[in-house]
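A short worksheet on the structure shown next.
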Amino acid sequence: MSQMRLGLRENLPQFTLLVVLNAFVGAMVGLERTVLPLLGEQEFGLSSKTAITSFIVSFGVTKAIINLIAARASDRIGRKPILVVGWLFALPVPFLIIGAPAWWWIDLANVLLGANQAMAWSMTVIMKIDLVGPKRRGLALGLNEFAGYFAVGVMSWVTGYIAAHSALRPQPFYLGIVIAVVGIAMSSLFVRETRPYAHLEAATSPQTSSGRPSLQNVFYVTSLGNVSLFAACQAGLVNNLNDGMSWGLYPLFFAAYGLGVGSIGIIKAVYPIVWGVLQVATGPLSDRFGRKELIAWGMIVQSGGIWLTVLVPTYVAWLIGAALQGLGTAMVYPTLLAAITDHAHPAWRATSLGVYRFWRDLGYAIGALLSGAVADLVGIAAAIHLVAALTIVSGLVVARLMGQTSPQPALAHH
């Protein structure tokens, strides 16, 4: 290995490889976005929305917990081993969904998918941050999340299209087998370890860090101790809470109005594609203009898209609502990751990101449970209204509490 240098241009081949790899990580989730809730209703005969959204709960809880462990472990043993193991978890997922005789198989598949997403996605994020150094972090995260969510959107459309022209299973899930095999091959053969780059940056950082604080310490500081980090964590949680709701309930909501699976696939694709593409712009924008306004306004735009979806039940309004939700999420998503890195020292940054992503991805489980329960009690529309209201409140919390970020991190002590 030649002389290590931080920077995007200096590490372009590896950086590009990691961007492509994250598209494969995103595609694994995209497999389920359109088809799985409909599968629960139509093939497994589930009438309870809470039962149908259970797969998102198992996904969210697993992903949240492993996020925390994976980031911490990557500081100890390196990024690459965790990336490879993450891909091994993906391989059984399509087979379980294709062969599932009962719904709990789908829940089990999503425990494995949650582990895959936590390990593989976390590592592509952390490895890119390692490579680019402090200056281009927003851009790096924007590109990472663009690749992942663009792939989620494309796969949501593709699986809807395949399901409309064949069946809800097995055909849409054959793609998953190919994706998993390619992911394992790329990770083990071509990706290089990046942990030394983080050590290089820590060595040249103006902040002196007295060793690495404990996980409990970083967990406290990231969750509650630092008010800006708290604001970021709650916004991340609510962002994924509304994503969990739209993943579980939107296909059922649209189907109740008589929309076919192909058309549902198109709406389900718009949101992550808009989200994915615009992150390439919003990440660097946050580097230039600061994080706070983008995050606060992004949450407000999301709530507008969600309310439009439920208040104007027409296909065109649903497409616009999905685009607004995508725009709002693009403003928020890479910006929140960058805001966390602004406040965390390089020595414990990966752990702090893990804590943030723990809260963020717990939002999937909370959103699925909450919206499923409310939908069962008072109907899907009421659940959508509630989630829109929570989203706007979260944006106001950011506007009130988050400090303007400076590139100087706050040290972890309380």
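Just so it is clear, none of the values below were taken in a lab; they were calculated from the coordinates. The structure presented is a predicted model; accordingly, all values stated were derived computationally and were not measured. Every residue, glycine as well, gets a Cβ built from its backbone with ideal geometry; the counts of neighbours run over all protein chains shown.
So, by mean Cβ neighbours within 10 angstrom, what's the order for 134-147, 280-293 with the highest one leading?
Details: 134-147: 24.1, 280-293: 19.6.
Peptide ranking by packing, descending: 134-147, 280-293.
Hey, what does the equivalent ellipsoid look like for region 317-396, semi-axes from the Cα gyration tensor as sqrt of 5 times each eigenvalue, largest first, whole Å?
Values: eigenvalues 171, 54, 17 Å².
Each semi-axis is √(5λ); the values are 29, 16, 9 Å.
Over all directions, the average projected area of the alpha-carbon convex hull for the chain comes to how many nm²? The partial results should precede the final answer.
Details: hull surface 70.9 nm².
Quarter of the Cα hull surface area: 17.7 nm².
How high is the relative contact order of region 310-414, given as a whole-number percent (alpha carbon pairs under 8 Å, six or more residues apart)? Present the calculation step by step, with values, prior to reporting the outcome.
Working: 46 pairs, mean separation 40.0, N = 105.
Relative contact order comes out at 38 percent.
Taking the Cα centroid of region 185-200 and of region 245-303, what is the distance between the two, rounded to the nearest whole Å?
31
Obtain the radius of gyration and the Kirkwood radius of region 224-307 from its C-alpha atoms and give Rg over Rh.
Rg divided by Rh gives 1.05.
I'm checking a number: the convex hull volume of the Cα atoms of region 200-344, normalised per residue, in Å³. What is it? Mind dumping the intermediate values first?
Details: hull volume 19.5 nm³, N = 145.
Taking only Cα atoms, region 200-344 has a hull volume of 134 Å³ per residue.
Checking a compactness column here: for region 65-140, what do you get for Rg(Cα) / (2.2 N^0.38 Å), N being the number of residues? Show your work: numbers first, answer last.
Numbers: Rg = 14.9 Å, N = 76, 2.2 N^0.38 = 11.4 Å.
Cα Rg divided by the expected 2.2 N^0.38 Å: 1.31.
Tell me whether region 49-92 comes out rounded, prolate or oblate; compute the Cα gyration tensor, take square roots of the eigenvalues as a ≥ b ≥ c, and use a/c under 1.5 as the rounded threshold.
In terms of gyration-tensor shape, oblate.
Could you work out [θ]222 nm for the chain from helices alone, using -39500 (n - 2.57) per DSSP H run of at least four and dividing by all its residues? Round to the nearest 500 deg cm²/dmol. All intermediate terms of the calculation are to be shown ahead of the outcome.
Working: 18 runs with 327 residues, N = 414.
The per-residue figure over the chain is -27000 deg cm²/dmol.
Rounding to the nearest 10 and keeping the result within 0 to 90°, find how far the Cα-based axis of helix 292-311 lies from the longest principal axis of the chain.
So the inclination is approximately 0 degrees.
Relative to the longest principal Cα axis of the chain, at what angle does helix 195-204 sit, 0 to 90 degrees, rounded to 10?
Approximately 50 degrees, to the nearest 10.
Can you list residues whose amide H is under 5 Å from Gly133's amide H, if they're 5+ apart or on another chain and H is modeled 1.01 Å from N?
Gly7
If you take the square roots of the eigenvalues of the alpha-carbon gyration tensor of region 18-67 and sort them as a ≥ b ≥ c, do you get rounded (a/c under 1.5), prolate (a/b over b/c) or oblate?
Numbers: a/c = 5.05, a/b = 1.67, b/c = 3.02.
Here region 18-67 falls in the oblate category.
Neighbour counts of other C-beta atoms within 10 Å: give me Arg349, Arg212, Arg9 arranged from fewest to most.
Working: Arg349 24, Arg212 17, Arg9 9.
Ranking Arg349, Arg212, Arg9 by Cβ neighbours within 10 Å, fewest first, gives Arg9, Arg212, Arg349.
Average projected area of the Cα convex hull of region 24-180, in nm²? Please list the in-between numbers first.
Values: hull surface 36.3 nm².
Mean projected area for region 24-180: 9.1 nm², to one decimal.
Please rank His165, His345, His199, fewest neighbouring Cβ atoms within 10 Å first, as an exposure proxy.
Numbers: His165 10, His345 22, His199 13.
Ascending Cβ contact count within 10 Å gives the list His165, His199, His345.
From the phi angles alone, apply the Karplus equation (6.51, -1.76, 1.60; θ = phi - 60°) to region 46-63 and give each ³J(HN,Hα) in whole Hz, x where the residue is Gly or Pro.
Karplus-based 3J(HN,Hα) across region 46-63 equals 7, 9, 6, 5, 5, 5, 5, 7, 4, 5, 6, 5, 4, 5, x, 5, 4, 5 Hz.
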